[in-house]
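Trainee: Attaching a single structure in structure tokens format; questions to follow.
The values are calculated or read from the model by the stated rules, or taken from the named source; none is laboratory data. In this text the structure is predicted, and so the values were computed from the model without any measurement. Cβ placement follows ideal geometry from the backbone for every residue including glycine, while neighbour counts extend to all protein chains displayed. Accessible surface is based on the protein model in full, side chains and every heavy atom, while ligands, DNA and RNA are left aside. Shrake-Rupley method; radii C 1.70, N 1.55, O 1.52, S 1.80 Å.
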Amino acid sequence: MERKKKSYNLLIGIVALVTIVLVVALAGYVVSKPEPIVIQGQAEAVEYRVSGKVPGRIVRFFADEGDFVHKGDTLVEIDSPEVRAKLAQAMAVKSAAEAQKDKALTGARQEQIAAAYELWQKAAAGEEVMKKSYERTKRLYEQDVVSAQKFDEVEAQYKAARATCAAAKSQYDMAVNGARKEDREAAVSLVDQAAAAVSEVESYIGELYLTAPSDGIVSARFPKAGELVGQGSPVMAVTDLGDAWFTFNIREDLLHGLKIGDALTVKVPALGNAEFNTTVTYISVLQSYATWRATLDTGSYDAKTFEVRAVPGGRIEGLLPGMTAIVSGL
């Protein structure tokens, strides 16, 4: 009886020992089991910078940050007195050219000859003023007082005034001597040239109103109303949420043969961990600063990092640039 009891106790001990070994082994497996690789990226979208061809002062904005705008909507009004002055000047030149054309075609009267003379004298006075301004600016430029750009502008204005004076003198001579066939043709050409100049300046007038290049959200406004902006300076940014994608920076040993055209399931925590099917459209190595350097020589190697872009099949409602995107099980 006592021998049976000892055998029973020994069996229980063996079962307990085996159980403990199994539990420890299972716990070790669970602890040592590698967790699935989780790669984090972010959402991005196409951003358009709205800028103008004409420098000037911002009068007002027609949209605030966060507003949704449609392609072609007016976003900003810019005031440029210089452009408006050039338009008035071009219109005046056009009117003068048309008058000269009429005179060449119909013959000059004494009143027209007198008017041509006055225009010539006016142009000559303008040339004299610009000549003095040019000479002063040239001396200041040679003394490094003014910039080369300012000198070039004054020189160009002087040349233009000189050319205007010469043209006015020619028109006066034509009025006195009478128009020949060639003169009549030249007068018509001058009108065409003046009309082209007016059209050119009017095109710049159109640039005083900046419009949205695409449907999207106004993501940034850089200057404030009343501030000056230069030619080509960005004024606003419009983000097209309909053209969005996900970007991931993945170490090369984690790519596992990923290639363009492969499908990726992307989870977006900000949208309630919703998952979206995407397609890889871009894989490119990043610069050397993104290289993982090996610290040991025991089979390790430097691993480069690749930028991977994945595009969803359609527009994702509520997705905004900068939202976290997660890919697991790659």
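Trainee: Scan 306, 246 and give me the residue that is at pLDDT 90 or above and more than 23 Å from the chain's Cα centre (by Cα).
Mentor: 306
Trainee: Condition check: out of contact with any Asp or Glu (no Cβ under 7 Å at 6 or more places or on another chain), open to solvent by 40 Å² or more (accessible area, probe 1.4 Å) and modelled with pLDDT of 90 or more. Does residue 49 satisfy that?
Mentor: Spelling it out, residue 49 is indeed out of contact with any Asp or Glu (no Cβ under 7 Å at 6 or more places or on another chain), open to solvent by 40 Å² or more (accessible area, probe 1.4 Å) and modelled with pLDDT of 90 or more.
Trainee: Considering only region 119-152, state which residues are within 37 Å of the chain's Cα centre (by Cα), free of Cβ contacts under 8 Å to residues at least 12 places away in the same chain and part of a helix (DSSP H, G or I).
Mentor: 141, 148, 149, 152
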